[in-house]
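None of the figures in this text is laboratory data; all of them are computed from the coordinates on show. Given the structure is predicted, the values throughout are model-derived calculations rather than measurements. All Cβ positions, glycine included, derive from the backbone under ideal geometry; neighbour counts span all protein chains shown.
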Amino acid sequence: MREAAEMNESLTIGVLGAGRVGTAVGRQAVRAGHTVKIATGRPADDIKLITEIIVPGAEAVNKEQLRGADIIVVAVPLHKYRNIDTEVLQGQTVIDTMNYWAPVDGIMDEFESGASTSEVIEEFLGDVKLVKTLNHIGYGDLEVDSHPAGDPNRRALVHASDHDDVKDLVAHFIDSMGYDAVDAGPLAAGRAMENGTEIFNGRHTAAEAKALLQKHRQFAGV
Ligand SMILES: NC(=O)c1ccc[n+]([C@@H]2O[C@H](COP(=O)([O-])OP(=O)(O)OC[C@H]3O[C@@H](n4cnc5c(N)ncnc54)[C@H](OP(=O)(O)O)[C@@H]3O)[C@@H](O)[C@H]2O)c1
């Protein structure tokens, strides 16, 4: 792992979950020049072939081998979060891509309070620096919506975290994949980018995303 100040272009990105989101993020991260390691709860051999085909350039690993990555992207269905091996993630910078959608996940009381789902996840995961982002872009859009820096049509991806010291690192990762990174503030502000919100439901430039965050803050009275 490295501090934002020591950061250079190429990062080591771990991805936990080799489904739709995990493989899409993995592909885009390989394109951006990062070293990508992908794991699930199963042995690496079980996902070796699918990784070679769907995420060429990435390495299928056992979940324990994600340790030490600059960022670990968690892309597991939310209703399975209690099965995540939290030991693997201790001390790591973690991106939480997961969303709560009751028709798919079932009613889960812990996500019905109105707090950001990522607050529950960070508490469950333990000693991690959790950043909520990449949850509000469709897995199929991640490649096609990517634009170079400075492009007037460049889409923004919002992030929220209580760990300001890793926000530059995560913003660098988002930028490298072709998106403007917009800081929503603390993890609780991640509610503004969850299912049902304007940010969740649309494509926005950085200026538009900032205006929507401001609108959400006023509406929420914070
Ligand atoms: N659909 C979208 O466009 C989109 C966009 C952004 C965010 N999201 C959110 O991203 C999350 C993942 O969605 P998805 O569509 O990628 O799911 P998915 O296609 O069902 O893939 C889930 C992956 O997670 C793995 N997994 C399950 N339990 C695990 C565990 N305990 N430890 C490690 N790996 C585990 C699965 O491996 P096995 O096959 O071995 O179980 C599978 O590789 C969801 O919360 C979703 O709401 C979705």
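For Ile71, the residues whose amide H sits under 5 Å from its own are Thr12, Gly14, ignoring neighbours fewer than 5 places away on the same chain, with H placed 1.01 Å from N. Across the range 119-151, the residues whose backbone nitrogen lies under 15 Å from the label position 7 Å along the beta-carbon direction of Val104 are 134-142. Here the sum of -39500 (n - 2.57) over DSSP H runs of 4 or more residues, divided by the residues of the chain, equals -8500 deg cm²/dmol at 222 nm, to the nearest 500. For the range 82-116, run through the GluC sites (Glu not before Pro) and keep only the ones in DSSP coil with at most 11 other Cβ atoms within 10 Å of their Cβ. For GluC sites (Glu not before Pro) across the range 82-116 that sit outside H, G, I, E and B with at most 11 neighbouring Cβ atoms in 10 Å, the list reads Glu112. Let me know the whole percent of all Cα-Cα pairs from the range 138-213 that are separated by more than 20 Å. Value for the range 138-213 (Cα pairs over 20 Å): 27 percent. Assuming charge only on the beta carbon of Lys and Arg (+1) and of Asp and Glu (-1), the dipole of the range 90-154 about its Cα centre is about 260 debye to the nearest 20. Relative to the Cα centre, the charge distribution of the chain, modelled as +1 at Lys and Arg Cβ and -1 at Asp and Glu Cβ, gives a dipole magnitude of about 480 debye. Highest mean packing comes first when the peptides 92-105, 21-34 are listed by Cβ atoms within 10 Å, giving 21-34, 92-105.
Backbone amide hydrogens, once placed in the peptide plane, bring Val131 within less than 5 Å of Val94, Ile95, Asp96, excluding anything fewer than 5 places away on its chain. In the chain, the alpha-carbon atoms span a convex hull of 114 Å³ per residue.
Of all DSSP beta bridges in the chain, what percent run antiparallel (nearest 5)? Around 10 percent of the beta bridges assigned by DSSP in the chain are antiparallel ones. For the chain, a Gaussian network of Cα nodes joined below 10 Å ranks Val166, Val55, Val120 by mean-square fluctuation, and the top entry is Val120. Prolate is the label for the range 6-125. Its Cα gyration tensor axes, ordered a ≥ b ≥ c, give a/c of at least 1.5 and a/b above b/c. Rank Leu49, Leu187, Leu16 by mean-square fluctuation in a GNM of the chain with C-alpha springs under 10 angstrom and give only the top-ranked residue. Comparing Leu49, Leu187, Leu16 in the GNM, the peak value goes to Leu49.
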